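Okay, structure first, notes after.
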Amino acid sequence: MKLPFTRFTTISLIGLLLLGCQTEKKNVEYVKYVNPLIGTAPFTSESTLKHSVGTENNSQVVPCVTVPFGMTNWTPQTKDGETKCQSPYYYTDSIIQGFRGSHWLSGSCVQEYGSMTIMPISGALKCLPNLRGSSFSHDKEMASPYLYQVRLDDYDIDVEMTATKRSGLFKFTFEKEGEAHIVVNPNSDEGRGFIKILPETNEIVGYNPVHRIYQGWGEEAGFSGYFVVRFQKDIETYGVYQGNKINEGDRQVADLENLGAYVSFLVHENEEVLASVGTSFTSIEQARKNLDAETSELDFDLAKTELQTTWENLLSKVEVEGEVEDDKVKFYTALYHSSLQPRTFNDVDGSYVSFGGGNELMNSGDRDYYVDFSMWDTYRASLPLFNFLMPKVSADMMNSLFLKAEQGGWLPIFPCWNSYTSAMIGDHSIAAIADAYSKGVIDISDKQYAYLLQNAFKSPDTFEEYKEGKGRRGLKSYLKYGYIPLEDEVKESYHDEEQVSRTLEYSFDDFSLSQVATKRGDVKNAEILKKRAQNYRNVYSAADSCVRGRYIDGTFTKEFDKFIRMPYITEGTPYQYTWYVPHDIAGLMDLMGGQDGFTANLDRFHAKGQYWHGNEPGHQIPFLYNYSGEPWKTQALVSQIMETEYITGPGGLSGNDDAGQMSAWYAFAAMGFYPVCPSVPEYVISGPHFDHIKIHLENGKMLEINADGASTGGNYIQSLKVNGVETDQNFLNHFDMMKGGVLDFEMGNIPNKEWGASKESRPYSETK
């Protein structure tokens, strides 16, 4: 008898509890496989060149030295300022201008905020970033999660930097004796900011006010990035600058363009000058408290060692064994990139400024408060990865979303820089919370549930609130017509129009909320939301086997080409968005004429080169053959994507990483399963890509995955045993996995077209 993983149940499997975390971790260093330079240059795959626009061909990551989810990330800077869609570092640049305390949303096309930069110089003083920069060679550059090193060739200075959660530590080694300087500046593009030298304490302090984009472009966000730079060498001379004007002996300057400060020393040959930088979003005093709390008992080497250990503890949650070393580099680098955001916002004592304006000082107590949720992206795989590997951290992240709702009145759509935005479409805070709730990571109070319902059923009372980014865009039209018609251009958002994509994403969000309602016993709202989850049908054109823009009168627009971008689709083509029905693939199959029609259409989609891995809306597409009886095609497709869309060079990611979503996709795929439908506690199987995997779960259990030959081309599943019992279900249940156990995959070079093909073997769909 075959005993599959069960759907939505937690019944025991033979020996499951006995097979917990009994095997000790091997003494292997996993952090050595992480290469933070992967993704810092453009990618040139066929799909990227065909479909990407602007910076979409660059993953937009930087080589961060940071604690996982740290407040401030430390990166070399090759581009100054805080320009939208401009990363602080690009591998193709040849000049380093300094070393930045960054709040860049990793892998994004938004803007840097509240950042500062520190730069050592020898010889003549030069202050402005475009004047003080030094040439460098990648041959003399080393990047890891816990240490960055580089040689500044123009100054004969060796730089090392490491970090704590809220602070950065620097070691500047001046090869030549003589005059040495360290320049510090806030990176304001608004002609704002403040900096002051305190020679009596060997400190430079300052702040960089944060400004909004998307809503209230250029308006202050209500807080700043504060910093305290402390030197372990007595300051000899100092001054401030504004533009090209240097004022030696002056101690402070504020609210002018291109401002900063410098301190100067006489150094001996090969002398090390140590500096540490504390940061905060609350005040200069809090930045100093953070610095004292995190670094007062640390020297540079100890800080480096502790950060290395921190990353090792995270990465070793998943131990992989295989024959191809590059695959380990890709996997552990993916885990690193996935663990950079959301970022910690509170100080060591729990202090943080309130959400949506910073008008109050709040305290998070013994839990961290997180910001910068790239929610259009990370609800798909990144946040589910945290639910799987680090549920306690995930619970704090979900709590942070509810705190934002309490402080601002509405659950945010795409919360960044601790503010409301409507940067992207959908209402995926609901999906993220629903996923954590469905998997038992969090509970939801009545008050919190009310915020979820409010987003789904109501719009703000005032236009100003709506314009600010509160509530779903176009909700009134969506509720009235069952789709957002083309007449509603959805002007109060960063992305205008995109009505079809919004309809599809709201349908999924409604499904996710229906899962919450069902679990809470709210039968009435569960039924309403389940019905609304079918609204994707209202923008599907059977004549085109594709979604298409639709008017109020029900007619479809004549402006249609399924193969090119359309204004009613978000960052893609109608054909690419057609497959965005993660909760009801069986229903979509019915619209396409059944299993055969669905599979033929999906085959045509891939044959036409329409799949674009470099953008998130299609990330579930490779797994859809599991729903139509041909999971072997999913196995082949996922293997191909892992091989061609991820490489170990600087141009190693095929699109914006978007706070780790692109990387989280790889992490799941390498382990052999993927959360196609967050809020359903299932993972669709695609097959492991390592011979042996040990997953150390947070509850102390261990999930062991054996797949001999998977790392050397055996990418097709021949059979699967769960704790010794054969199954052909092509999905895994979350709760059963959390009990630990052993999955034994038999892999091969030729597809087994029978395994996982029956209707009884398929993952969840709302339509039975």
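The values are calculated or read from the model by the stated rules, or taken from the named source; none is laboratory data. Because the structure is a prediction, the values reported are computed rather than measured. Positions of Cβ are generated from backbone atoms using ideal geometry, with glycine treated the same way; all protein chains shown enter the neighbour counts. Quick note on the areas: whole protein, heavy atoms, side chains included, nothing else; ligands and nucleic acids left out. Shrake-Rupley method; radii C 1.70, N 1.55, O 1.52, S 1.80 Å.
Here are the numbers for the structure shown:
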| item | result |
| --- | --- |
| Calculated [θ] (222 nm, deg cm²/dmol) that DSSP helices of n ≥ 4 give over the chain, each run adding -39,500 (n - 2.57) | -8000 deg cm²/dmol |
| Inter-probe distance in nm under a simple model that places probes 7 Å from Cα toward Cβ, at Asp153 and Asp366 | 5.3 |
| Area of Asp349 that stays accessible when all protein chains are in place (1.4 Å probe, Å², to 10) | 70 |
| Positive-end residue, the chain charge dipole about Cα centroid, Cβ charges, pick of Trp417, Pro199, Tyr113 | Trp417 |
| Val547 long-range amide H proximity, modeled H, under 5 Å | Ser541, Thr578 |
| Karplus (6.51, -1.76, 1.60) ³J(HN,Hα), θ = phi - 60°, over region 297-307, in Hz, Gly and Pro reported as x | 10, 10, 9, 4, 5, 5, 4, 4, 5, 5, 5 |
| Length added when fully stretched, Ser296-Trp217, from 0.36 nm per residue minus Cα-Cα | 24.5 nm |
| FRET efficiency, 1/(1 + (r/R0)^6) with R0 30 Å, evaluated for Lys531 and Lys558 via beta carbons | 0.50 |
| Gyration tensor (Cα) of the chain, equivalent ellipsoid semi-axes in angstrom | 44, 30, 24 |
| Cross-link reach list, aspartates and glutamates versus Lys759, counting only Cα pairs under 12 Å and skipping chain neighbours closer than eight places | Glu630, Asp728 |
| Kirkwood hydrodynamic radius (C-alpha pairs) into Stokes-Einstein, region 414-488, 20 °C and 1.002 mPa s, D in µm²/s | 156 |
| Which of His495, Tyr226, Val31, positive extreme of dipole for the chain (C-beta unit charges) | His495 |
| Ranked packing of 615-621, 322-328, 557-563, most packed first, by mean Cβ within 10 Å | 615-621, 322-328, 557-563 |
| Extent along principal axes [Cα atoms of region 214-287; Å; largest to smallest] | 52, 28, 20 |
| Alpha-carbon Debye profile of region 256-381, log10 I(q)/I(0) at 0.12, 0.14, 0.23 Å⁻¹ | -0.76, -0.97, -1.35 |
| Nearest 10 degrees, 0 to 90: helix 446-457 Cα axis against the chain principal axis | 70 |
| Total lysine pairs under 24 Å (Cα atoms) in region 506-644, excluding pairs fewer than 8 apart on one chain | 6 |
| Share of Cα-Cα pairs in region 596-653 lying beyond 19 Å, as whole percent | 30 |
| For region 588-607 versus region 355-405, the gap between their alpha-carbon centres in whole angstrom | 38 |
| Check: region 234-390 dipole with +1 on Lys, Arg Cβ and -1 on Asp, Glu Cβ, in debye | 740 |
| Length gained when the stretch Glu492-Phe463 is fully extended (0.36 nm per residue, less Cα-Cα span) | 9.5 nm |
| Unit charges on C-beta of K, R, D, E only; dipole of the chain, Debye | 2300 |
| Cα centroid separation - region 180-222 against region 433-503, whole Å | 35 |
| Only Lys, Arg (+1) and Asp, Glu (-1) charged, at Cβ; region 102-234 dipole about Cα centre in debye | 340 |
| Förster-model FRET efficiency, 30 Å R0, Gln252 and Asp349, C-beta, rounded to 0.05 | 0.65 |
| Scattering profile of region 366-502 at q = 0.15, 0.16, 0.22 Å⁻¹ [log10 I(q)/I(0), Debye over alpha-carbon scatterers] | -0.71, -0.80, -1.39 |
| Length gained when the stretch Leu131-Asn749 is fully extended (0.36 nm per residue, less Cα-Cα span) | 216.8 nm |
| Of Lys32/Lys701; Lys171/Lys304; Lys439/Lys701; Lys289/Lys392; Lys404/Lys476, those spanning more than 18 Å from alpha-carbon to alpha-carbon | Lys32/Lys701; Lys289/Lys392; Lys404/Lys476 |
| Dimensionless Rg ratio for region 28-78, taking C-alpha atoms and the 2.2 N^0.38 Å reference | 1.43 |
| Global form of region 381-430, assessed from the alpha-carbon gyration tensor, a/c cut-off 1.5 | oblate |
| For the chain: accessible area per residue (Å², 1.4 Å) | 33 |
| Charge dipole (region 598-702, unit charges on Cβ, about Cα centre) - positive-most of Thr634, Gly652, Gly672 | Thr634 |
| Label-point separation in nm, Leu198 to Glu272, each point 7 Å along Cα→Cβ | 2.5 |
| Accessible surface of the chain, 1.4 Å probe, proportion on carbon and sulfur as whole % | 48 |
| DSSP beta bridge pairing in the chain, given as percent antiparallel to the nearest 5 | 95 |
| Semi-axis lengths (Å, descending) of the ellipsoid that matches the C-alpha gyration tensor of region 207-252 | 31, 15, 7 |
| Distance between region 613-683 and region 36-87 - C-alpha centres, whole angstrom | 20 |
| Average projection area in nm² (convex hull over Cα atoms of region 45-113, one quarter of hull surface) | 5.1 |
| Overall dimensions of region 109-157 as given by Cα atoms, namely Rg and Dmax in Å | 13.1, 37 |
| Debye equation applied to the C-alpha atoms of region 621-684, log10 I(q)/I(0) at 0.14, 0.18, 0.20, 0.23 Å⁻¹ | -0.43, -0.69, -0.84, -1.04 |
